Every structure is written in C-alpha cells, then in structure tokens.
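*Asks:* Before I ask anything, let me first share the structure, which is written out below as structure tokens.
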Amino acid sequence: MDQKNKNSKKPKYSKFSQQELPAWKPILTPGWVITTFIIIGALFIPTGLLALAASDSVVEIIDRYDEACIPDAYTQKAESYIQNPNEKKTCTRTIRVPKKMVAPIFVYYQLENFYQNHRRFVKSKSDKQLRDPQAEDDTQNCFPIDHTVDNKPIVPCGLIAWSLFNDTYKLSSRGKAIDIDKKGIAWKSDMEAKFGSDVYPKNFQNGPLIGGAKLDDSIPLSKQEDLIVWMRTAALPKFRKLYGKINTDLDAHETITAEVENNYNTYRFGGRKKLVLSTTTWIGGKNDFLGIAYISVGGLCLFMAINFILLYVFRPRRLGDPSYLSWNRQPIV
C-alpha cells in the first residue's frame, strides 16, 4: 500500500455510509394522496367532535374576587389594604352551580399576569436542599431569600418558596360546610423524589418582609403538598394550581358560599385572582382547543381531498405517473 492511500481520510465503503440501503420510495399518485387525506379527515373529525362533547360536559365555575374583596375605602389603594395587618381580609362570595357537578370536583386558584417562568424566579431554589437535610447551607442560587438577618439558612430558600400562595377558601352550602380535601393534590413523583421526608422548614418567613404563606415546622417538606404544587412553576403568566378536591356532588342551582381570605398581594403588579371549581372528563378539564384543532385539521384534509378529486376528474393530468420518470422513458432514436 502506498503512502498516499495509507494517509487517506476516505471512509471505508459501506452501503450505510453511501446511502445505498434498501428504502421505501413511494410515488405519490393522485389516488394515494386523495385516500390519505380522506382517511385523516375521517379519523380526525369524529375525534374532534368527541373531544368537544367531552369538554362541553365539564361543569366549570370561575369567580374573580381580587377586586370585589377590596373595601370601598381602599378602591384606589388596594396594595395599602393588602399590606395592612390590622385590616380584616375575609371576604364572602356567593357562587351558583349552573349544572350538577359530580365528584370529584377540583378546586383551583387561578393567577393571571404572574410570570413564574421568569429566568431568575425559576432558578431561585435549591433542589439539593429540598431533598437532603445535610444540605441546608446549599443556598447559592437563592439570593436574596437565602439567610436570615442573623445569617441562619432558610429552608426552603429562594423566591419560589418565599412567594407561596396564601389565600384560603372555605366553602359551605345550606349552612353546612363543604369539606375540601387537600390530600393527594401534588404529583407523587415530586413528593417522593424532589422533597425529602426528613427535611423540615427552618427560619421560613421569619424575616421583616413576608412573601406568602408560612409552613408548619413540624411537617416534612414531602408532606407539604401546597408548597409542592406551587414549586412546580407554570410556563405561562396565566395559570391554575390545584388547591384541593371536593368529594361530594353539588346539585344544579345550588348556592355555594365561599369565605375567602384575601391575603396574596397581586395588586403590586396588576395581577388577577380567581377561584375555580371544575369537574373533569377523559380529556381532563374544559378545553375546547383540542376538539377545534382536530376538527380543523380533519376538515382541511377533506377539503384538500375534494379539491384533488375535482382536479383529477375534470382536469386530469398524469400527475405522479411513473412513466414520466426519466429512467422509465424510452430513449429517443
């Protein structure tokens, strides 16, 4: 072997490297294209109708209370009201059930114009500290919510935990309290893998500036489900988070009294707060977009199929005829 061939960088020949492996190379004839569009349309449109029907069967009640729960004297200075510890924050709302709601009924709080997806906010936590009791000093990503004024580590540290939602809801009907079950509202994987069963809150919300709810120091983080739900940050500025579940049915036209503790300060940044009660179906909560998307795609495919049929019947062309391929043409002599 000469020196030139020995130093060559030419790869060793193989059918894979030279793209010579056997492959399916379909020729898209009008028949194939029309059939494909018809099949997609026939599958997508019924699926979309089923999804819309399921979404329509969801009973959802949304009550915005952030403005209504501000006393008239504080209409123009809502932030002063929410920050005043001497003012009573309890607010009573009346909710009417439009249709029968079959248990389980999910209770959510909905926030709008709250950017949990902000880069600095998302990074402001210590995953190691949340899992390991020996890592309570791992707070380098948590500034400024990392240590107390006397330099003691805060557990859990960071802006996410510090801003924990702290509005509370009590529901009743016909003078009888409606129990809101707050067990099982967090992801099981989060409880078992992300939050330690032997990690307890320390020095949390003990500073001069309180961001949100406080935590029970005697309960490990893996059992603090409100915190776990809040720590799973939302991707959009409008989001819902699960507050609890109602395990009893609510009758149609029943009147629900909601006692709201309006503690959470969304007034500083123009945020909105809503209480949401919702049932679910096989597609989850109310979501018309999924059904509309399926119907739109299916309808577009049927429209294309009909157009191709009309073109193929009234203005026939040998579109996709393999005899037009260069290697199938007869040589001209």
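The values are calculated or read from the model by the stated rules, or taken from the named source; none is laboratory data. Note that the structure is predicted; figures quoted are calculated from it, not measured. Neighbour counts run over all protein chains shown; Cβ positions are idealised from the backbone, glycine included. Areas reflect the complete protein model, heavy atoms only, side chains present, ligands, DNA and RNA absent. Shrake-Rupley method; radii C 1.70, N 1.55, O 1.52, S 1.80 Å.
*Asks:* For the stretch 179-199, which residues satisfy the criterion of being open to solvent by 90 Å² or more (accessible area, probe 1.4 Å), touching a helix residue (DSSP H, G or I) at 6+ places or on another chain (Cβ under 9 Å), farther than 21 Å from Glu261 by Cβ and without any contact (Cβ under 8 Å) to a residue 60 or more places away in the chain?
*Replies:* Initial filter on the stretch 179-199 (open to solvent by 90 Å² or more (accessible area, probe 1.4 Å)): 179, 183, 187-188, 192, 194.
Add one more test, that the residue is touching a helix residue (DSSP H, G or I) at 6+ places or on another chain (Cβ under 9 Å), and what stays is 183, 187, 192, 194.
Narrowing further to those that are farther than 21 Å from Glu261 by Cβ: 187, 192, 194.
Answer for the stretch 179-199, where residues must be open to solvent by 90 Å² or more (accessible area, probe 1.4 Å), touching a helix residue (DSSP H, G or I) at 6+ places or on another chain (Cβ under 9 Å), farther than 21 Å from Glu261 by Cβ and without any contact (Cβ under 8 Å) to a residue 60 or more places away in the chain: Trp187, Glu192.
*Asks:* Moving on to the next point. Before we move on, is Thr255 surrounded by fewer than 15 Cβ atoms within 10 Å (Cβ to Cβ) and of a type in the set (Ser, Thr, Tyr)? Steps first, please.
*Replies:* Details: surrounded by fewer than 15 Cβ atoms within 10 Å (Cβ to Cβ): yes; of a type in the set (Ser, Thr, Tyr): yes.
Yes; evaluated as a whole, the condition is true for this residue.
*Asks:* Given (1) closer than 30 Å to Trp282 by Cα; (2) open to solvent by 80 Å² or more (accessible area, probe 1.4 Å), identify the lone condition not met by Thr92.
*Replies:* So the condition that Thr92 fails would be (1).
*Asks:* How do the pairs read when you match residues in the stretch 83-101 that are under 15 Å from Ile210 (Cβ atoms) with residues anywhere that are assigned to a loop (DSSP other than H, G, I, E, B), using Cβ under 7 Å and keeping only pairs 6 or more apart or on different chains?
*Replies:* Partner pairs satisfying both residue conditions: Gln83/Asn265; Lys89/Asn262; Lys89/Asn263.
*Asks:* Same structure, new question: Which pairs turn up if I take residues in the stretch 167-178 that are closer than 15 Å to Leu275 by Cβ and open to solvent by 20 Å² or more (accessible area, probe 1.4 Å) and look for partners that are of a type outside the set (Gly, Ala, Ser) and not in a strand (DSSP E or B) with beta carbon separation below 9 Å, at least 6 apart in sequence or on another chain?
*Replies:* Thr168/Asn263; Lys170/Ile180; Ile178/Thr248
*Asks:* Among the residues of the stretch 228-251, write down those that are open to solvent by 80 Å² or more (accessible area, probe 1.4 Å) and in contact with a Gly (Cβ under 9 Å, 6 or more places away or on another chain).
*Replies:* Scanning the stretch 228-251 gives a single hit, Arg240.
For every residue, the table says whether it meets (1) modelled with pLDDT of 90 or more; (2) within 30 Å of Glu254 (Cα to Cα); (3) of a type in the set (Ser, Thr, Tyr); (4) open to solvent by 90 Å² or more (accessible area, probe 1.4 Å).
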site: Lys4; (1), (2), (3), (4): no, no, no, yes
site: Lys10; (1), (2), (3), (4): no, no, no, yes
site: Phe16; (1), (2), (3), (4): no, no, no, yes
site: Trp32; (1), (2), (3), (4): no, no, no, yes
site: Ile45; (1), (2), (3), (4): yes, no, no, no
site: Val58; (1), (2), (3), (4): yes, yes, no, no
site: Glu67; (1), (2), (3), (4): yes, yes, no, yes
site: Lys99; (1), (2), (3), (4): yes, yes, no, yes
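*Asks:* Determine if the stretch 77-93 includes at least one residue that is of a type in the set (S, T, N, Q) and on the phi > 0 side of the Ramachandran plot. Show your work before the answer.
*Replies:* First, the residues of the stretch 77-93 that are of a type in the set (S, T, N, Q): 80, 83-84, 86, 90, 92.
Subset that is on the phi > 0 side of the Ramachandran plot: none.
No - not one qualifying residue is present in the stretch 77-93.
*Asks:* So, Leu130, is that one in contact (Cβ under 8 Å) with a residue 40 or more places away in the chain and either open to solvent by 80 Å² or more (accessible area, probe 1.4 Å) or part of a helix (DSSP H, G or I) (or both) or not? Give the derivation first.
*Replies:* Details: in contact (Cβ under 8 Å) with a residue 40 or more places away in the chain: yes; either open to solvent by 80 Å² or more (accessible area, probe 1.4 Å) or part of a helix (DSSP H, G or I) (or both): yes.
The answer is yes for Leu130.
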